[in-house]
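Here's the structure we're looking at; comments come further down.
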Amino acid sequence: MARSCLTIVLAAGEGTRMRSRLPKVLHPVAGLAMVTHVLRAAAHAGASAQAVVTGPDGAAVVAAVREDAPDAACFVQQERLGTAHAVLAARQAIAHGHDDILVLFADTPLTRRATLQRMRAALADGADVVALGFRAADPTGYGRLIETDGRLVAIREHGDCSEAERAITFCNGGIMALAGRHALSLLDAVGNANAKGEYYLTDIVAIASGRGLKVVAVEAPEEETIGVNTRAELARAEAIWQARRRREAMEAGVTLTAPETVFFSHDTEIGGDCVVEPNVFFGPGVVLDEDVRVRSFCHLEGCRIGPRTTVGPFARIRPGTRMAPGSRVGNFCELKNAEVEAGAKINHLTYIGDARVGAAANIGAGTITCNYDGVNKHHTDIGAGAFIGSNSALVAPVTIGDGAYVASGSVITEDVPAEAMAVARGRQANKPGYARAIRARGLASKRAGE
C-alpha cells in the first residue's frame, strides 16, 4: 500500500520587504505564484493531502491556493510565534494520521520533486525526522546540521555554534519531513525558551534525537533552499528557474541560440528539433510542436504552434492562436485568437485577430482584420488559397471565399465569393501638370505667412 503524505505549507510570514500590495508568496516565478510552485512540487512528490497555514490577513493567499488545489485545507496562525507554532495551526490535518508529513515554506519555490521524494524515501526506510541540508561555500549566518555517526543530533544556529561547529559547511535548508506517528508528540514538545520566545521547528531534531528516534539529513543543492524576501531575491529565484528550464530544453533536443536571452513560463511545452533564436519570451500556455523555428524578438502567449512552422522575427502571438503545420508568421505581425491553417503565410506588418486563415492563403503586407467595433469582437473568415493584397482592411464580420483575390489597398466590408476578385478603393485619376501648381500654391502661402 502506498504511504499517505500530508504537506503543510507555511505561508504566514510578512512580505513588507517586497514593498508590494501583493502578498509575498503570490509573487510569481516563471509566471506562477511561489506558493503554487511549492504545492505542485509536493503533489508531484506524492502528497495525498495538503494544508496551508496563513496569517490573519491571508485571504488572498487562500483564494490563490483554492484555484490550484481546491481540496487543500487552510488554517490561520493568529499570532506569529515561530515555525513550530505555525505547523501546529494545522493540528486538525496532522491528526488524520498520515504516514509522512512534509513541512515546506511558501516562499521557497525552487525545491524539486525529486528532493522531496528522497526525504519521503528516508522516512520509508525508518527515519522519524528528516531535515533538508545543503553545502554552503560560506556558511556564515546559517544554522548548522550537527551529525554524529551518520545521524543528525541537532540544528545549531550560527550564534550558538562552537568554533568547531562553525567550521561545518552542512547547513539547514529549513524543510523537514516527519513520521506521522510521532509528529504531534514532537511538535507539542517544542518549547519557547529562547530570546524571541518563539517555538522553532528546528528544535524537533534535538527532541527526537534525545528520545532515541532516528533523525537524518538529506542533502540538496543550495539553490533548492533559497527563500525569497526581497525583489532582488525574487529575481535570483527567477534566474535559477530559467537556467534550469533552458538546460532541460536543450537536453531534450531544443536548440537555444542564446539561452540566457530566452524566457520560459512554468507550463511552456517545446517539442524536439525546435530552434529558438535570441530574445524570445514565452508567456503562459504556449505549446510548440516539433521542428518549429521561433526567430528573434518574439513574444508568445496562450498559443499552439504546429510542426514545421516559422514565427517571427518581431512577432507577437496572443492567446487563442493556433498555427497548423507548415504555416508562417513573419516580422512585425500580431495574431490573436487566430486559426492559421496549413501552409498559410502571414509575412509582414499584419494584424490578424478573431479570424481563420485558410490553408495556403497569402496575407499581404499591412493587412489588418478590423475585428472590434468599439463594443463587440467579430470574426473574419479567409478561405483556402485566398490572396489578400497589401494594405487591405477586412472589416468583420466578413468572409473571403476560397481562392478569392482582394486587390491591394481595399477596405472590404462585404463578403467576397470564392474565386472572385474584390476591389474596394477610390479610382485613381492622374492630373497632368497639377504637381507644379500645387507646389506654387504652397510656396505662395508660405511667403504670405512670413
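Residue by residue, here is whether (1) part of a loop (DSSP other than H, G, I, E, B); (2) at pLDDT 95 or above; (3) touching a strand residue (DSSP E or B) at 6+ places or on another chain (Cβ under 9 Å) holds:
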residue	(1), (2), (3)
Asp381	no, yes, yes
Gly385	yes, yes, yes
Ser390	yes, yes, yes
Thr399	no, yes, yes
Glu414	yes, yes, yes
Arg425	yes, no, yes
Gln428	yes, no, no
Pro432	yes, no, no
Ala435	no, no, no
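Residues in segment 174-201 that are within 18 Å of Gln77 (Cα to Cα) and either β-branched (Val, Ile, Thr) or in contact with a Pro (Cβ under 8 Å, 6 or more places away or on another chain) (or both): Val190 alone.
The residues of segment 418-450 that are out of contact with any Ser or Thr (no Cβ under 9 Å at 6 or more places or on another chain) and under 26 Å from Asn391 (Cα atoms), listed by number, are Ala418, Glu419, Ala420, Met421, Gly426, Arg427, Gln428, Ala429, Asn430, Lys431, Ala435. For Gln78, the criteria (1) surrounded by fewer than 22 Cβ atoms within 10 Å (Cβ to Cβ); (2) touching a Pro at 6+ places or on another chain (Cβ under 9 Å); (3) under 20 Å from Thr36 (Cβ atoms) hold in every case but one, which is (3). Take the conditions free of Cβ contacts under 8 Å to residues at least 60 places away in the same chain and closer than 20 Å to Glu219 by Cβ and apply them to Pro109. Does it pass? Considered against the rule, which asks whether it is free of Cβ contacts under 8 Å to residues at least 60 places away in the same chain and closer than 20 Å to Glu219 by Cβ, Pro109 comes out as no. In segment 275-293, the residues that are farther than 16 Å from Ser327 by Cα reach residues that are acidic (Asp, Glu) and not in a loop (DSSP other than H, G, I, E, B) with C-beta atoms within less than 8 angstrom, at least six apart or across chains, in these pairs: Val286/Glu269. Met323 passes every criterion in (1) more than 21 Å from Thr399 (Cα to Cα); (2) buried (at least 24 other Cβ atoms within 10 Å of the Cβ); (3) of a type outside the set (S, T, N, Q) apart from (1). Scanning segment 90-103 for residues that are touching a residue at least 60 places away in the same chain (Cβ under 8 Å) and at negative phi yields Ala90, Arg91, Ala93, Ile94, Ala95, His96, His98, Asp99, Asp100, Ile101, Leu102, Val103. Filtering segment 135-155 to residues that are β-branched (Val, Ile, Thr) and more than 16 Å from Thr169 (Cβ to Cβ) leaves Thr148, Val153.
Within segment 340-348, at least one residue is among the charged types (D, E, K, R) and not in a strand (DSSP E or B). Residue count for segment 401-412 satisfying the condition of being more than 20 Å from Ala360 (Cβ to Cβ) and not in a strand (DSSP E or B): 2.
The values are calculated or read from the model by the stated rules, or taken from the named source; none is laboratory data. Remember, it's a predicted structure, so these values are computed and weren't measured experimentally. Note: ideal-geometry Cβ built from the backbone for every residue, glycine included; neighbour counts use all protein chains shown.
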